Amino acid sequence: MIEKPKHIKIFELYYSMGSDRSLAKLHQKYPNDTPTIDTLKNWSKAFNWQARVEQRDIENSRALEDKLKPKTNKIIVNTKADYRAEIKAQLGILKALLNKVIKDIKEGNIIDVENTGDLKDVINSYEKLSKLDLLMMGESTDIKETKGLEDLDKKLTLLTINELKKISKANEAKQ
């Protein structure tokens, strides 16, 4: 049997019924446009309607995915940019806190040793936010030091080596 325009027209009606389609429902919905159910069954088999429906569904899904992909990518990029702006703001606050502590110690101001846990929390938060920022950029977080953290680590290393004894003695004297 050769497929003619009337067969294609009936198939298009059948396909347009959506996932709840059936030959009986097609005939019921379009009684004046469709032949008998037996004829519809023959056409469906002869022109491979089920496989055509599946293939068209696949193609439509791909087309929809391709159409939505740029929009989805744009949303992802914008969301990442928003997160990165927030991370940058938080890192700025943490860096200012750390720089103030380092400056106070270098100027000989005493820092209570009992509060070093807070300092460690700030440093850990700084490190976590830095790693999150790297992840948002698609970079590896396995790198042990980044430029900003490297400078901070150097300052803290100097601080702990050169200044901790002073802090400890001052804290003992205070008690």
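The values are calculated or read from the model by the stated rules, or taken from the named source; none is laboratory data. Quantities reported herein were computed from a predicted structural model and do not represent experimental measurements. Backbone-built Cβ (ideal geometry, glycine too); neighbour counts: all protein chains shown.
Numbers below:
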item: Which listed residue, of K88, K80, K9, is at pLDDT 85 or above, within 30 Å of L134 (Cβ to Cβ) and assigned to a helix (DSSP H, G or I); result: K88
item: Every residue from the range 12-42 that is surrounded by 11 or more Cβ atoms within 10 Å (Cβ to Cβ) and in a loop (DSSP other than H, G, I, E, B); result: M17, R21, S22, Y30, D33, T34, P35
item: Boolean, A81 is closer than 30 Å to H7 by Cβ, of a type in the set (G, A, S) and exposed (fewer than 13 other Cβ atoms within 10 Å of the Cβ); result: no
item: Filtered residues of the range 91-110 (kept if in a helix (DSSP H, G or I) and of a type outside the set (V, I, T)); result: L91, G92, L94, K95, A96, L97, L98, N99, K100, K103, D104, K106
item: Among (1) at pLDDT below 90; (2) within 30 Å of E12 (Cα to Cα), the one test that W49 misses; result: (1)
